[in-house]
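Take a look at the structure below.
The values are calculated or read from the model by the stated rules, or taken from the named source; none is laboratory data. The structure presented is a predicted model; accordingly, all values stated were derived computationally and were not measured. Heads up, the Cβs are rebuilt from the backbone with ideal geometry, glycines too, and the neighbour counts pull from every protein chain shown. Keep in mind that these areas ignore ligands, DNA and RNA; they rest on the heavy atoms of the full protein, side chains included. Shrake-Rupley method; radii C 1.70, N 1.55, O 1.52, S 1.80 Å.
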Amino acid sequence: MYLDNDDEKVLAGEFGETRQKMMEILVALGGVYDAERLVPITSAQVSGASYKTIGKWGLAWLQSLDARVAVPAVLNPIGMPQEGWREFGIAEEFARRQAEVVEAYRRLGIRLECTCTPYYLRITEYGEHLAWSESSAVAYANSVLGARTNREGGPSALAAAIVGKTPYYGLHIVANRRPQVVIEVESGTGLRSDHWGAIGHVAGKKVGNRIPIFEGIRPGRDHLKALGAAMAATGAVALFHVDKITPEARVFSFKTDDLDRVTVTQDEIEALFVETEVEAVAVGCPHCSADELRGLADLLKGKKTTKPFYIFAARGVAKSNPDLVGVIERSGARVIPDTCMVVSPRMDEFASIMVDSGKALAYVPGMCGALARIGTRKECVEVATS
Ligand code: F3S
């Protein structure tokens, strides 16, 4: 991989041991994927932020680093809200360790907004090169915004943040972003027929790591978020297109005649909705937008929860919508920033959790050891307040 003079100096250790290590990670990654060079990035999103997922070795590695990020960088959700963690049910010992992880990232200059929806906090534009690591954020950045990022691991996103560049391969290259398979969604009239998380959950299993293009659907931005998150979880989709909707499908006229075609049927969608008793309800995977908070506030107005109901959102989004948060919390539901239903140990304490997310449906059983039930957002509110 070609390195310019400055890159070579970083690699030789002239700018310190941490930068040298970070450049070594990028050079190794570039070697594996045959990248011709590095490309400057405009932002990074770094996963590996919850103590639940990185443990003591991950923390020790972070604490050994000594440098500052070269571009704006945010963290993925951590294992607890930064304030009010005790009320959220987090143990003292975990909180202490998690605070050490956060402090290690703070020292590196990473913004302590801990979210999988960094696109709500910082404008990210078409064609920008990024190094983002959380799979739903990657799918959104590539597909909905038309920015360019591979699905980075925690260390490679951090290395890119510190160096300010990432290897130029994969989805950074326009020619690699063409659709490879067409998805059609059977139309239906039921309440769940356009549940975008459920459609993505089924579609991801069918397309694996190919780049799909949907035909015949008209999802909005939040729908695209749910769709991509689910496909990234049940498949390995880091970029998808929707004919006439997503930016690259509008800029390029993709020819799809020769591509494989798969169909998501209404029976497959309906089969995901198994009604069973649950101990808690959680929405906000990915973290809620302001519109989604508004929808939840409307559904919860005048109601009282009868079981724990957690709504996860970026701290900045919750903070700029105090009225909506007020309405939601008057019902007994809690808007929780910084963390999520999958990476927080709080959720491990429930044996069964209802979610409205196709991604959470895939991850909750393995990551929280709980049975997961999926419902529409309205059904989640009904179950939480019944
Ligand atoms: Fe975000 Fe956690 Fe879901 S990181 S996409 S809320 S699993």
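By the helix-only formula, in which each DSSP H run with n ≥ 4 contributes -39500 (n - 2.57) and the sum is divided by residues, the chain has a 222 nm mean residue ellipticity of -11500 deg cm²/dmol. Across segment 229-246, computed HN-Hα scalar couplings (Karplus, 6.51 cos²θ - 1.76 cosθ + 1.60, θ = phi - 60°) run 4, 5, 5, 5, 8, 8, x, 9, 7, 10, 8, 9, 10, 10, 3, 6, 10, 6 Hz from first to last residue, x flagging Gly and Pro. Both radii come from the Cα set of segment 105-148: Rg as radius of gyration, Rh as Kirkwood radius; their ratio Rg/Rh reads 0.98. So which GluC sites (Glu not before Pro) in segment 23-95 pass both tests, a DSSP loop state and at most 16 other Cβ atoms within 10 Å of the Cβ? In loop regions of segment 23-95 (DSSP not H, G, I, E or B), the sparsely surrounded GluC sites (Glu not before Pro) are Glu36, Glu83, Glu87.
Diagonalising the gyration tensor over the Cα atoms of segment 109-259 and scaling each eigenvalue by 5 before taking the square root yields semi-axes of 26, 17, 13 Å, largest first. For the pair Glu8 and Asp34, label points projected 7 Å from Cα toward Cβ lie 2.6 nm apart. In segment 201-218, whose amide N lies under 19 Å from the spot 7 Å out along Cα-to-Cβ of Asp258? List them in ranges. The answer is 210-213. Val274 sits with roughly 90 Å² accessible to a 1.4 Å probe, with DNA, RNA and ligands left out of the calculation. Of all DSSP-defined beta bridges confined to the chain, some 10% are antiparallel rather than parallel.
Normalising the average separation of contacting C-alpha pairs (under 8 angstrom, six or more residues apart) by the number of residues puts the relative contact order of the chain at 18 percent.
Highest mean first, the peptides 11-18, 105-112 sorted by other C-beta atoms within 10 Å per residue fall in the order 105-112, 11-18. With R₀ fixed at 30 Å, the C-beta to C-beta distance from Ala175 to Lys244 puts the FRET efficiency at about 0.85.
Simple spin-label estimate for Ser320 and Thr189 gives 4.0 nm between the two label positions (7 Å along the Cα-to-Cβ direction from each Cα).
Taking 28 Å as the limit for the C-alpha separation, the pairs Lys56/Lys378; Lys52/Lys319; Lys206/Lys319 exceed it in the case of Lys56/Lys378; Lys206/Lys319. Within the listed set Arg210, Arg37, Arg96, the residue fluctuating most in the Gaussian network model of the chain (springs between alpha-carbon atoms under 10 angstrom) is Arg96.
Extension gain, Lys56 to Ile123: 0.36 nm times the residue separation minus the Cα-Cα distance gives 20.7 nm. Expressed as a whole percent, the proportion of Cα-Cα pairs in the chain lying more than 34 Å apart is 28%.
For the pair Ala236 and Ala290, the difference between a 0.36 nm per residue extended length and the Cα-Cα distance amounts to 16.7 nm. Highest mean packing comes first when the peptides 229-242, 44-57 are listed by Cβ atoms within 10 Å, giving 229-242, 44-57.
Here the accessible area of segment 197-336 is 48 percent carbon and sulfur, with a 1.4 angstrom probe and all protein chains present.
If you count only protein heavy atoms with a 1.4 Å probe, what accessible area per residue comes out for segment 1-113, rounded to a whole Å²?
Numbers: 5690 Å² over 113 residues.
Result: 50 Å² of accessible area for each residue.
Using R₀ = 22 Å, calculate the FRET efficiency as 1/(1 + (r/R₀)^6) where r is the Cβ-Cβ separation of Thr276 and Asp348; round to 0.05. E(calc), rounded to 0.05, equals 0.70. Taking Thr189, Thr256, Thr124 in turn, the Gaussian network model of the chain (Cα-Cα springs below 10 Å) assigns the largest fluctuation to Thr189.
If I compute solvent accessible area with a 1.4 Å probe over the protein chains, what percent of it on segment 11-142 is carbon and sulfur? List each step's numbers first, then the result.
Values: 2970 of 5710 Å².
That share works out to 52 percent.
Here the peptides 284-290, 260-266 are ranked by packing, the mean other Cβ count within 10 Å, and the order with the highest first is 284-290, 260-266.
For segment 303-361, state which trypsin sites (Lys or Arg not before Pro) are in a DSSP loop and have at most 14 other beta carbons lying within 10 Å of their beta carbon.
Details: sites: Lys303, Lys304, Arg315, Lys319, Arg330, Arg334, Arg346, Lys359; in loops: Lys303, Lys304.
Those satisfying the criteria are Lys304.
Using the Cβ-Cβ distance between Glu17 and Ser386 with R0 set to 35 Å, the FRET efficiency from 1/(1 + (r/R0)^6) comes to roughly 0.05.
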